[in-house]
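These notes concern the structure reproduced below.
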């Protein structure tokens with residue numbers, strides 16, 4: 001058990017049988033009444049974000065997560081297969097548990113998987129991922145790097161906005177935090 005005074009961004013707590021990640025917290029001391037802590041919590045199972053207020057000094061259960069570095073191998077039906085880089089054991093994780101990270105999974109990418117009591121509760125993609133453009137409108141002579149953008153479909157099925165000079169077959173770098181194009185790699 002930890003006190004609300006120990007809250008930190010990124011910390012994982014357990015409430016009502018669910019795991020929540022602390023996205024934001026703020027200690028508030030009003031002029032009248034007792035102090036409290038305002039938080040924004042993300043449910044690790046559903047991905048829903050909620051706001052909750054705790055009384056100052058209130059105790060909550062701290063969830064100890066084990067983070068493992070794993071490599072994405074392939075997709076099999078509704079499961080994704082990962083390999084632990086330390087002991088080479090393989091783990092199948094369902095589509096629901098992978099969540100939005102599935103858009104950035106390509107063969108060989110290394111991800112961080114959070115485990116709680118041996119069960120996966122979250123998959124975190126690296127900040128930047130390199131992917132190949134599989135489909136986009138052809139470039140036209142005169143298109144420049146600063147002249148606008150067009151949609152491009154990547155090997156994972158993700159559609160991003162890219163500059164006009166990007167063509168099918170190019171490898172590009174994507175920022176997984178925003179889903180935006182960063183640069184051409186090749």
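Before moving on, here are some points about what is shown:
- Per this entry, residue 70 is not counted among residues that are free of Cβ contacts under 8 Å to residues at least 24 places away in the same chain, under 24 Å from residue 175 (Cα atoms) and out of contact with any helix residue (DSSP H, G or I) (no Cβ under 9 Å at 6 or more places or on another chain).
- The residue that is surrounded by the fewest Cβ atoms within 10 Å (Cβ to Cβ), counting only those in region 2-14 that are under 24 Å from the mean Cα position of the chain (by Cα), closer than 15 Å to residue 64 by Cβ and at pLDDT 80 or above, is 8.
- Region 154-171, subset crowded, with 18+ Cβ neighbours inside 10 Å and more than 19 Å from the chain's Cα centre (by Cα), residue farthest from residue 100 (Cα to Cα): 164
- When residues of region 30-58 are limited to those that are more than 28 Å from the chain's Cα centre (by Cα) and either assigned to a strand (DSSP E or B) or touching a residue at least 24 places away in the same chain (Cβ under 8 Å) (or both), the one surrounded by the most Cβ atoms within 10 Å (Cβ to Cβ): 36
- Out of 54, 80, one residue alone is at pLDDT 85 or above, touching a helix residue (DSSP H, G or I) at 6+ places or on another chain (Cβ under 7 Å) and within 18 Å of residue 126 (Cα to Cα). It is 80.
- Counted residues, region 11-29 - those being closer than 19 Å to residue 117 by Cα and assigned to a strand (DSSP E or B): 8
- Residues of region 75-89 that turn out to be exposed (fewer than 11 other Cβ atoms within 10 Å of the Cβ) and assigned to a strand (DSSP E or B), as a count: 1
- Residue 20 being at pLDDT 85 or above, surrounded by 11 or more Cβ atoms within 10 Å (Cβ to Cβ) and touching a strand residue (DSSP E or B) at 6+ places or on another chain (Cβ under 9 Å): yes
The values are calculated or read from the model by the stated rules, or taken from the named source; none is laboratory data. As the structure is a prediction and not an experimental result, all values here were calculated from the model. FYI the Cβ positions are ideal-geometry reconstructions off the backbone, even for glycines, and counts take in every protein chain you see.
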